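Participant: Okay, handing you the structure first.
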Amino acid sequence: MSTASTASTLSPSGFDFVRALVHRESAIVLAPGKEYLVEARLSPLARSRGLRDVQALVEAVRSSPDVESTQLIVEALTTNETSWFRDGDPFTGMVQVVLPSLLAARTPAEPLRIWSAACSSGQEPYTIAMLLKDALPGAGERVRISASDISREMVERTRGGRFSQMEVNRGLPAPLLVRHLTRAGNDWQVNPDLRRMVTAFECNLVGTLPRTGPFDVVFLRNVLIYFDIPTKRSILARVRALMRPDGWLFLGAAESTLGVDDAWERVPVGRSSAYRPTRPNRGA
Amino acid sequence: MHALVIDDSRAMRRIVGGILKGLGYTVTEAGHGREALDVLVATTAAGGAVPDLACVDWNMPVMDGLEFVTAVRAQPAWRSMTMMMVTTESEHAQVVRALAAGAHEYMIKPFTPDAFADKLSLLGLVPQGEPA
Ligand SMILES: C[S@@+](CC[C@H](N)C(=O)[O-])C[C@H]1O[C@@H](n2cnc3c(N)ncnc32)[C@H](O)[C@@H]1O
């Protein structure tokens, strides 16, 4: 995109510094050759600090590291691409297969706890909220959706539940748009009843995981792809420890537990599939 | 699959038609609702199948998008055609009105090609064997 306009100012050691920092803080792997990405993503931050270029930003942070800059650098290097009903099938599967099975296994007094573990700007948790609200009477009281992300900005966006026209165009069926969102200035905002079902908070998947479980369903979608295998394995094991033994895990279309963590069984869910723990993990 | 693109702006017909062709559609264009109805009447008279999809602008001369959608809905033989409004009209009440008149989907301009692909896959209208 910005290859011509962004002449690279970043030295090889500067790139290595950023790579190491991002890996240490978030486990995200930046492959060699991603210099252009670092350059493009960090330029706005450098500029906002009145610095000459990305190299100057890196030098400043290298000589006196601080928590705020580190957080902002990591945040800038996350990819927050998302959409409503992303890939469709996992969400239909959740309503048509997972929900009935959970309802059969639980007493009506038991809450249903769902975790969207890399929620980005919130389309995923609110997709879940609207589907459950429409499928299950009393969902507003019974369903608790935890939505978390490493990025503070994304968590704030999720909490606000505000989406641009462009964003509501991406995968949100019009009947659900008008039922569950209202215009707010140039944007659309998720209605308060759905916002009350969702609690958004910061959570680094390689750090301390939430205490809002145990979860009946976990959406861990399109985030494992950024990690190396040992990290994927450790996250899957620790997520498993936070799930009910008969819980369900949804991964992204390009992700699998296969060859990573063998304590899961892959089960077809409608036209898609989910993973269920085959043995609980007590060692997390 | 076959799509009818109804918009009074030639440039917009090009853009929408181009995206649909990229997704594997054949495209017929119409400059307003009346012209589009004529296409449907002629197709039906010749024993042909109506298009799978109509992308309908709202504000057009002669017959606007809402009138077109209403007219199509009144015709049982045209039930199989999915109608998506593609318009700058972005108020909540207008989306509600278009859906009540019989539109199935609603896309607010401006949009990206990705948004089109997302909507069509929701509607189950992505031609098979085409690149996503
Ligand atoms: C591509 S988005 C996926 C959003 C959504 N789950 C979906 O499938 O559309 C990936 C998200 O993972 C978050 N992320 C990256 N590393 C993370 C980490 N270590 N802990 C928690 N979230 C992380 C990013 O901030 C980003 O919002």
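The values are calculated or read from the model by the stated rules, or taken from the named source; none is laboratory data. On a predicted model such as this, the values are computed, not experimentally measured, just so you know. Every residue, glycine as well, gets a Cβ built from its backbone with ideal geometry; the counts of neighbours run over all protein chains shown. Quick note on the areas: whole protein, heavy atoms, side chains included, nothing else; ligands and nucleic acids left out. Shrake-Rupley method; radii C 1.70, N 1.55, O 1.52, S 1.80 Å.
Participant: For the pairs A:LYS133/B:LYS21; B:LYS21/B:LYS109; A:LYS133/B:LYS119, flag any whose C-alpha to C-alpha distance is greater than 30 Å. Mind dumping the intermediate values first?
Facilitator: Values: A:LYS133/B:LYS21 37 Å; B:LYS21/B:LYS109 19 Å; A:LYS133/B:LYS119 22 Å.
Table pairs above 30 Å Cα-Cα are A:LYS133/B:LYS21.
Participant: Please identify, among A:ARG152, A:ARG162, A:ARG106, the residue showing maximal mean-square fluctuation in a Gaussian network model of chain A using a 10 angstrom Cα cutoff.
Facilitator: Ranking A:ARG152, A:ARG162, A:ARG106 by mean-square fluctuation puts A:ARG106 first.
Participant: Take chain B, connect every pair of alpha-carbon atoms lying under 10 Å apart with a spring to form a Gaussian network, then pick out the residue of B:ASP52, B:ASP118, B:ASP64 with the largest mean-square fluctuation.
Facilitator: B:ASP118
Participant: Can you give the mean number of other chain Cβ atoms that lie within 10 Å of the Cβ atoms in peptide A:176-185?
Facilitator: 3
Participant: Taking amide H positions as placed in the peptide plane 1.01 Å from N, state which residues far from A:ILE150 in sequence (5 or more) or on other chains have amide H under 5 Å from it.
Facilitator: Answer set, sorted by chain and number: A:CYS203.
Participant: If you count, for every residue in B:96-108, the Cβ atoms of partner chains within 10 Å of its Cβ, what is the mean? Each step should come with its number before you reach the end.
Facilitator: Values: counts 5, 1, 2, 4, 1, 0, 0, 1, 3, 4, 8, 4, 8.
That average works out to 3.
Participant: Further, regarding this structure: Let me know the charge dipole size of chain B about its Cα centre in debye, to the nearest 20, where only the beta-carbon of Lys, Arg (+1) and Asp, Glu (-1) is charged.
Facilitator: On the way: 10 positive and 15 negative charges, 30 e Å.
The dipole magnitude comes to about 140 debye.
Participant: Further question on the same structure: What are the principal axis extents of the Cα atoms in region B:2-122, in Å, biggest first?
Facilitator: Largest first, region B:2-122 extends 36, 32, 27 Å along its Cα principal axes.
Participant: Taking every DSSP beta bridge that has both residues in chain B, what percent is antiparallel when rounded to the nearest 5?
Facilitator: Numbers: 0 of 17 bridges.
Counting DSSP beta bridges with both partners in chain B, the antiparallel share is about 0 percent.
Participant: Take the alpha carbon atoms of region A:12-76, find their radius of gyration, then divide it by 2.2 N^0.38 Å using N residues; give the quotient.
Facilitator: After normalising by residue count via 2.2 N^0.38 Å, the value is 0.99.
Participant: Shifting gears a bit: For A:GLN96 and A:GLU153 in the same chain, what is the full-extension length gain: residue separation times 0.36 nm, less their Cα-Cα distance, in nm? Intermediate results must be reported in sequence, preceding the final value.
Facilitator: On the way: separation 57, 0.36 × 57 = 20.52 nm, distance 3.29 nm.
Stretched fully, the A:GLN96-A:GLU153 segment lengthens by 17.2 nm.
Participant: Pop a pseudo-label 7 angstrom from the Cα along the beta-carbon direction at both A:THR278 and A:SER164 and give the gap in nm to one decimal.
Facilitator: 4.5 nm
Participant: In square angstrom and rounded to 100, what buried accessible area do you get between chains A and B, total over both, with the probe at 1.4 Å?
Facilitator: Chains A and B together bury roughly 1400 Å² of accessible area.
Participant: Now for a different question. Could you pull out the trypsin sites (Lys or Arg not before Pro) across region A:209-284 that fall in loop regions by DSSP (anything but H, G, I, E, B) with no more than 13 other Cβ atoms inside 10 Å? Could you put the intermediate results ahead of the total?
Facilitator: Numbers: sites: A:ARG211, A:ARG221, A:LYS232, A:ARG233, A:ARG238, A:ARG240, A:ARG266, A:ARG271, A:ARG282; in loops: A:ARG211, A:ARG221, A:ARG271, A:ARG282.
Passing sites in region A:209-284 are A:ARG211, A:ARG271, A:ARG282.
Participant: Along the charge dipole of the protein assembly as shown, which of A:SER11, B:GLY65, A:THR278 sits closest to the positive end, that is, farthest toward it, with unit charges on the beta carbon of Lys, Arg, Asp and Glu (+1, +1, -1, -1)?
Facilitator: A:THR278
Participant: Just B:THR70, B:THR112, B:THR87 to compare: in a GNM of chain B, with alpha carbon springs under 10 Å, which one fluctuates most?
Facilitator: Taking springs between Cα atoms under 10 Å, the residue moving most is B:THR112.
Participant: Turning to a different aspect of this structure: Considering only DSSP beta bridges with both partners in the protein assembly as shown, what is the antiparallel share in %, to the nearest 5? If you can, show how the numbers build up before the last one.
Facilitator: Numbers: 13 of 48 bridges.
Counting DSSP beta bridges with both partners in the protein assembly as shown, the antiparallel share is about 25 percent.
Participant: Label A:ALA241 and A:ALA56 with points 7 Å out from Cα along Cα→Cβ: what is the distance between them in nm?
Facilitator: Reported label-point gap for A:ALA241 and A:ALA56 is 4.6 nm.
Participant: Kindly report the accessible area of region A:11-93 per residue (heavy atoms of protein chains, probe 1.4 Å, no ligands, DNA or RNA), in Å². Walk me through the numbers before you get to the answer.
Facilitator: Details: 3900 Å² over 83 residues.
Spelled out: the 1.4 Å probe surface of region A:11-93, per residue, equals 47 Å².
Participant: If amide hydrogens are placed 1.01 Å from N in the peptide plane, which non-local residues have theirs closer than 5 Å to the one on A:VAL143?
Facilitator: A:LEU112
Participant: A further question follows. At 222 nm, what value in deg cm²/dmol follows for chain A if DSSP H runs of at least 4 each add -39500 (n - 2.57) and the sum is divided by all its residues, to the nearest 500?
Facilitator: Counting only the DSSP helices, I get -11500 deg cm²/dmol.
Participant: Could you give the distance between the Cα centres of region B:83-126 and region A:162-219, to the whole Å?
Facilitator: 20 Å
Participant: Each residue of region B:73-78 in turn: what ³J(HN,Hα) in whole Hz from Karplus with 6.51, -1.76, 1.60 and θ = phi - 60°, glycine and Pro shown as x?
Facilitator: 4, 6, 10, x, 5, 9
Participant: Considering amide H positions built from the backbone, and no H for Pro or chain starts, which residues 5 or more places from A:ALA274, or on another chain, come under 5 Å of its amide H?
Facilitator: A:VAL267, A:VAL269
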